[in-house]
Amino acid sequence: MGTPSEEQIGGNTLIAELGQDGDAVIYLARTPAGRQVVVRTFAADTSAEAAFDAAALPGLERDLAASRRVGSPFVAGVLGGDVRAARPYVVRAHVEGETLGQALERGPFAGPGLWRMAGEIAAGLHAIYQAGVRRSGLTPDGVILGPEGLRITDFGPAVTAPLAAPRPEYIAPEQEPSQAAEVYTWGRIVACAASGNPSPAAEDLDALDGPLRGLVSAAVDANPAARPGLDEVVAALRGAPMAPPHA
């Protein structure tokens, strides 16, 4: 973990480099008020002109604004950013914990913990979509499991896609942003959590059973029109047995 020397981005003082994700560099930072946040940006010599097609910038600004409107206890809030800055960046709330991808290294999830996780991810994705973000780009590495519960941490084109390409196995076959595509992403992540396989085949649902298997099977249907809506998924999972979301 690197330690920058009081370097600032968007008024946030960089404390330590947390890692890299594609072309992105991810820092733990501190706001002027002393709050810890996460800053995703490019390497220091990357400008907005080099990072983005100029024609895409207005859309990226709209996506960033939509990301800031998301309100959900299962989403780490996007606090700000600037895609036109000399060094483009996005700031989000810092969340302690491990990623779902890391947790799966110890084995799959099952029972009430899997049900609860599935419901919380669905509720978070529903809030993200309702705010106007049309592609979450979510993967198991964008879900944090911590002492305060589950949080979706990386989502939205202005937050993730320009900085690191989404993993194709979590993108719906039609590839067009839509609510149906987000339902597909949800189904693939739940199948991943149940199987312990970070890249399960869409039809590999053997680790699931009961109503959850039926719901995930519908979610990953190749036909977008056959998938349930996010609100339907949330409603179906509401009242799931309470248990900590751990394997």
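No value in this document is a laboratory result; all are computed from the given coordinates. It should be emphasised that the depicted structure is a prediction, and the values quoted were computed from it without experimental measurement. All Cβ positions, glycine included, derive from the backbone under ideal geometry; neighbour counts span all protein chains shown.
When the Cα atoms of the stretch 8-93 are enclosed in a convex hull and the volume is divided per residue, what value in Å³ results?
Details: hull volume 8.5 nm³, N = 86.
Taking only Cα atoms, the stretch 8-93 has a hull volume of 99 Å³ per residue.
Need the full-extension length gain, Glu105 to Ala85, defined as separation in residues times 0.36 nm minus the C-alpha distance. One decimal, nm. Provide the component values of the computation, followed by the final result.
On the way: separation 20, 0.36 × 20 = 7.20 nm, distance 3.77 nm.
Contour length minus the Cα-Cα distance gives 3.4 nm.
Nearest 20 debye, what's the magnitude of the dipole of the stretch 98-237 about its Cα centre given +1 on Lys and Arg Cβ and -1 on Asp and Glu Cβ? Don't skip to the answer; put the middle values down first.
On the way: 9 positive and 17 negative charges, 39 e Å.
Dipole magnitude for the stretch 98-237 comes out near 180 debye.
Relative contact order, percent, of the stretch 98-237 when contacts are C-alpha pairs under 8 Å separated by at least 6 residues?
Working: 208 pairs, mean separation 40.6, N = 140.
Here the relative contact order equals 29 percent.
Please report, largest first and rounded to whole Å, the three semi-axes of the ellipsoid equivalent to the stretch 80-193, where each semi-axis is the square root of five times an eigenvalue of the C-alpha gyration tensor.
Calculated on Cα positions only, the semi-axes equal 23, 17, 13 Å.
Would you order Leu208, Leu125 from fewest to most other beta-carbon atoms within 10 Å of each residue's own beta-carbon? Write out the running numbers ahead of the final one.
Working: Leu208 22, Leu125 27.
Neighbour counts put them in this order, fewest first: Leu208, Leu125.
Using +1 at the Cβ of each Lys and Arg and -1 at the Cβ of each Asp and Glu in the stretch 109-158, identify which of Thr153, Ala123, Pro112 lies farthest towards the dipole's positive end.
Toward the positive end, the furthest listed residue is Ala123.
Quote the relative contact order of the stretch 8-93 in percent (integer), defining contacts as alpha-carbon pairs under 8 Å separated by 6+ residues. Show your work: numbers first, answer last.
On the way: 143 pairs, mean separation 23.4, N = 86.
For the stretch 8-93, the relative contact order is 27 percent.
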